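Here the structure comes first, spelled out in structure tokens, and everything after it is commentary.
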2 protein chains.
Amino acid sequence: MKLTYTGKTKDVYELENGHYLLKFKDDVTGENGVFDPGANTVGLSIEGAGKAGLRLTAFFFETLKEKEIPTHYIDSNIEEGTMTVKPAEVFGKGLEVICRYRAVGSFLRRYGMYAEEGQELDAFVEVTLKDDDRQDPPISEDALDMLGILSKDEYSVLKDLTKKIGNVVKEELAKKEIELYDIKFEFGRVGDNKEIVLIDEISGGNMRAYKNGEYIEPLQLEKLMLQQ
Amino acid sequence: MKLTYTGKTKDVYELENGHYLLKFKDDVTGENGVFDPGANTVGLSIEGAGKAGLRLTAFFFETLKEKEIPTHYIDSNIEEGTMTVKPAEVFGKGLEVICRYRAVGSFLRRYGMYAEEGQELDAFVEVTLKDDDRQDPPISEDALDMLGILSKDEYSVLKDLTKKIGNVVKEELAKKEIELYDIKFEFGRVGDNKEIVLIDEISGGNMRAYKNGEYIEPLQLEKLMLQQ
């Protein structure tokens with residue numbers, strides 16, 4: 001197998017059968033040695049972070065498979081810290097799709113004139129460009145279409161899938177009395193018919209989760225969800 | 001008549017018949033003494049700037065009236081520097097609606113990964129919140145609807161009107177061999193049926209215009225458009 005991409009928190013290998021292998025690393029994003037899932041730089045390395053992220057990701061991708069929601073997931077090997085996936089083409093140079101249930105973070109920084117901190121939002125979907133140099137700017141459906149990144153039809157599919165998947169995660173967390181505030185996803189086109197499917201991962205680093213009003217750190221989330 | 005609002009570049013008076021009078025001031029937005037139409041602070045005062053802005057605004061609002069495109073305009077008095085308008089309710093605490101024909105300014109700062117500087121854009125419309133403290137953040141159709149600022153139906157009307165009015169301005173400038181790169185508008189609801197109409201002004205301070213590849217300063221634009 002051939003290393004094709006070295007990411008901040010994962011390495012990507014191409015397998016001989018055309019599938020890809022994602023190797024989850026212990027590197028986590030953050031700044032000044034503090035873990036921050038929203039940061040664009042690798043801040044520190046935490047032993048076990050890779051496998052914890054993979055375990056939670058595998059749990060959610062298996063759950064989505066049961067619900068027949070399309071993803072790039074094939075299988076995973078927790079001991080090796082690897083996940084096998086179908087090859088996917090990203091939109092443009094990569095998008096992040098955010099689903100929000102509470103007004104916090106960048107939503108509040110932008111729309112604080114109209115929203116109270118923590119106000120409920122009804123699975124509000126927004127898209128940002130993956131562009132570290134420009135602080136991942138938000139982008140509208142019209143701009144995505146005009147710049148040739150995502151067609152209007154694709155946007156509609158993306159938005160529906162985002163709400164569906166967000167709600168699956170929200171319900172799974174609720175079973176452990178954890179509340180999902182927001183979550184970010186990545187999507188890609190898979191196969192000859194360019195089907196839009198969820199790619200990348202679903203772990204603590206992708207979401208803000210709270211229990212009894214307290215923010216749950218990503219590694220703690222994995223423990224609460226899978227080890228109790 | 002009663003002073004009801006003191007703006008950066010205009011004062012607003014309520015008239016006894018229910019109409020409003022806008023008094024165009026010589027104060028212009030900018031920073032450190034340099035005129036910058038996109039700035040959020042008053043930078044300096046230029047003698048004649050108010051009347052120049054009013055003249056161009058009256059010219060465009062009269063042109064729109066002939067084309068039966070709805071605005072808040074009733075009439076103007078250039079000598080007095082005033083314009084009489086219908087009362088309008090703004091959306092939320094105020095929106096700016098931008099129509100782009102070339103990729104420059106904040107569009108390029110956000111989407112420079114996908115657009116070349118100066119690239120043609122097909123009357124691309126985007127909306128930003130008027131919020132100096134948050135640097136006038138862009139906002140999507142979905143967010144406008146969810147936050148109760150503008151319904152989806154209103155957004156559709158707003159977008160159509162923006163393209164129509166943008167094209168009227170673009171054509172008028174083209175008659176003087178001037179090219180419109182982008183322009184920002186404000187809209188409001190007028191009358192019992194809450195009709196969406198153009199409000200505020202259309203002057204050099206609202207647009208980026210170029211002639212033979214050179215940027216035209218707002219006051220120069222008024223001269224080129226009306227005094228030749």
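The values are calculated or read from the model by the stated rules, or taken from the named source; none is laboratory data. As the structure is a prediction and not an experimental result, all values here were calculated from the model. For neighbour counting, all protein chains shown are included, and Cβ atoms are generated from backbone atoms with ideal geometry for every residue, glycine included. The area values use the complete protein model at the heavy-atom level, side chains included, leaving out ligands, DNA and RNA. Shrake-Rupley method; radii C 1.70, N 1.55, O 1.52, S 1.80 Å.
In order along segment A:2-13, phi translates into HN-Hα couplings of 10, 5, 10, 7, 10, x, 5, 10, 9, 9, 10, 10 Hz, rounded to whole numbers, per the Karplus curve 6.51 cos²θ - 1.76 cosθ + 1.60 with θ = phi - 60° and x for Gly and Pro.
In nanometres and ascending order, the distances from the A:Met113 label point to those of the other copies are 2.7 (point 7 Å from Cα along Cα→Cβ).
Between the alpha-carbon centres of segment B:100-165 and segment A:93-168 there is a gap of 15 Å.
The distance between label points at A:Ser156 and A:Thr41 comes to 4.3 nm (points 7 Å beyond Cα on the Cα→Cβ vector). Between A:Leu161, A:Leu108, A:Leu198, the GNM of chain A built on Cα springs shorter than 10 angstrom shows A:Leu108 fluctuating the most. Sorted shortest first, the separations between the B:Glu79 label point and its copies elsewhere in the assembly read 9.5 nm; each point sits 7 Å from Cα along the Cα-to-Cβ line. In order along segment A:177-183, phi translates into HN-Hα couplings of 6, 10, 9, 8, 8, 7, 8 Hz, rounded to whole numbers, per the Karplus curve 6.51 cos²θ - 1.76 cosθ + 1.60 with θ = phi - 60° and x for Gly and Pro. Taking 0.890 mPa s as the viscosity and 25 °C as the temperature, the Stokes-Einstein diffusion coefficient of the protein assembly as shown based on its alpha-carbon Kirkwood radius rounds to 100 µm²/s. Position B:Lys65: other-copy label points at 7.0 nm, ordered by increasing distance, label point 7 Å along Cα→C-beta.
Per the rotation superposing chains A and B, the chain A residue found at the smallest beta carbon distance from the axis is A:Ser140, 2, distance in Å. For segment A:7-165, what number of Lys pairs, 8 or more residues apart or on separate chains, have alpha-carbon atoms under 14 Å from each other? Qualifying lysine pairs in segment A:7-165: 13.
Figure note: B:His72, A:His19 ranked by solvent-accessible area, largest first, 1.4 Å probe, ligands and nucleic acids not counted: A:His19, B:His72. Listed by chain and number, the lysines placed with their C-alpha closer than 20 angstrom to that of A:Lys211 are A:Lys170, A:Lys175, A:Lys176, A:Lys184, A:Lys223; residues fewer than eight positions away on the same chain are left out. The overall shape of segment B:22-104 is oblate: from the C-alpha gyration tensor, with semi-axes ordered a ≥ b ≥ c, the ratio a/c is 1.5 or greater and a/b is no larger than b/c. Can you tell me how segment A:69-176 classifies by the Cα gyration tensor, rounded, prolate or oblate, using a/c under 1.5 as the rounded cut? Here segment A:69-176 falls in the oblate category. What number, rounded to the nearest 500 deg cm²/dmol, is the helix-based mean residue ellipticity at 222 nm of chain A, given -39500 (n - 2.57) per DSSP H run of at least four residues and division by all its residues? Calculated at 222 nm, the ellipticity per residue is -8500 deg cm²/dmol. Sort chain A into rounded, prolate or oblate with this rule: let a ≥ b ≥ c be the square roots of the eigenvalues of the Cα gyration tensor; rounded if a/c is under 1.5, and if a/c is not under 1.5, prolate when a/b is larger than b/c, oblate otherwise. Verdict is rounded for chain A. Computed over the alpha-carbon pairs of segment B:100-228, the distance histogram in 5 Å steps reads 2, 9, 17, 21, 20, 16, 9, 5, 1, 0 percent, short to long.
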